[in-house]
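The values are calculated or read from the model by the stated rules, or taken from the named source; none is laboratory data. Not measured: the values here are computed from a predicted model. Here the Cβ positions follow ideal geometry from the backbone for every residue, glycine too, while neighbour counts run over all protein chains shown. Ligands, DNA and RNA are excluded from the accessible area calculation, which covers all protein heavy atoms including side chains. Shrake-Rupley method; radii C 1.70, N 1.55, O 1.52, S 1.80 Å.
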Amino acid sequence: MLRRAFVLSFATVGLTLPLMAEEATAPVTTTVTVGELVTWQPFNDPASLAKGQTKWQAGIGKWEIAEGAVRATEEAPSEKRPNGHEAVCEYVSEQGDFVMKGEFQINSAAHVGFVFRDNGQPNNHQGRIIVTPTSIELHKMSGISKTTRREVLASLKEPLAADQWHSIVIEVSGDHCRAVVDGQQTVEGRHERFLAPKGRIGVVARGDSALFKNVGIWKVNPKVK
């Protein structure tokens with residue numbers, strides 16, 4: 001009886017653990033070694049964005065679970081924001097260097113983005129990777145709201161299928177940021193702005209059809225040479 005109970009228990013663990021490990025598997029990196037997992041969010045359940053239950057905050061625009069992922073809809077023009085505003089969903093937590101991994105589908109959106117802001121009050125922009133159906137760009141950012149400014153550090157013309165899932169891995173270490181889309185297309189650059197502590201890391205989208213899923217953030221250690 002004891003032997004049978006052990007076998008059943010082992011089988012149950014064997015069925016469960018590989019699925020968990022696969023979901024939160026750390027990405028292959030180039031400039032850093034991946035450390036402790038900070039957050040892993042499949043975005044396949046309404047609880048993913050439940051206020052008070054998660055550090056993920058859907059701040060601007062509309063975010064709703066659809067097709068096993070989260071769909072972003074930008075904020076429409078208003079008196080407060082005459083030009084509207086891209087949809088913003090960020091993880092709020094004090095971080096230093098980090099690795100971010102996720103999947104996205106552009107669909108009819110003008111762009112999707114992966115962003116990080118500093119830990120000031122308010123949280124000023126630091127950097128972002130912007131992906132369109134035809135390009136991938138790395139931006140150095142500063143300011144917030146009407147004071148927001150950007151500088152393109154790297155740009156790659158690369159057609160991406162809008163109706164397919166794509167992967168991205170972002171490494172931020174010191175003043176260096178590197179992003180790889182679909183394991184092949186790479187943009188990277190350096191700026192002292194990236195050195196500041198991060199208070200918010202997240203995703204953005206312009207339009208009403210972009211999808212995100214399986215987004216993870218990890219702490220990092222310098223790559224051992």
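Summary table below
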quantity: Residue among ILE130, ALA161, ASN107 farthest towards the positive dipole end of segment 100-225, charges placed on Cβ; calculated: ILE130
quantity: Cα-derived Rg to Rh of the chain, Kirkwood definition; calculated: 1.02
quantity: Within the accessible area of the chain (1.4 Å probe), percent carbon and sulfur; calculated: 53 percent
quantity: GNM top mover of ASN83, ASN44, ASN124 - the chain, alpha-carbon springs below 10 Å; calculated: ASN83
quantity: Value of [θ]222 nm, deg cm²/dmol, for the chain, DSSP H segments ≥ 4, -39500 (n - 2.57) each, nearest 500; calculated: -3500 deg cm²/dmol
quantity: Alpha carbon centroid spacing (whole Å) that separates segment 163-210 from segment 50-87; calculated: 19 Å
quantity: Nearest-20 debye value, the chain charge dipole, Cβ charges on Lys, Arg, Asp, Glu; calculated: 460 debye
quantity: Set of lysines near LYS146 by C-alpha distance (under 16 Å), chain-local residues within fewer than 8 positions excluded; calculated: LYS80
quantity: Neighbourhood net charge (11 Å Cβ-Cβ; Lys/Arg +1, Asp/Glu -1) for ASP118; calculated: +3
quantity: Most mobile of LYS157, LYS101, LYS80 in a GNM of the chain (Cα contacts under 10 Å); calculated: LYS80
quantity: Sum of side-chain charges, ALA205 neighbourhood, beta-carbon under 14 Å (Lys, Arg +1; Asp, Glu -1); calculated: -2
quantity: Accessible surface, the chain, averaged per residue in Å² (probe 1.4 Å); calculated: 53 Å²
quantity: Of ALA69, ALA179, ALA162, the one that fluctuates the most in a GNM where the chain has Cα springs shorter than 10 Å; calculated: ALA162
quantity: ASP208 accessible area, assembled protein chains, probe 1.4 Å, Å²; calculated: 90 Å²
quantity: Neighbourhood net charge (14 Å Cβ-Cβ; Lys/Arg +1, Asp/Glu -1) for ILE65; calculated: 0
quantity: Whole-number percent relative contact order across the chain, with pairs defined as alpha carbons under 8 Å at least 6 apart; calculated: 30 percent
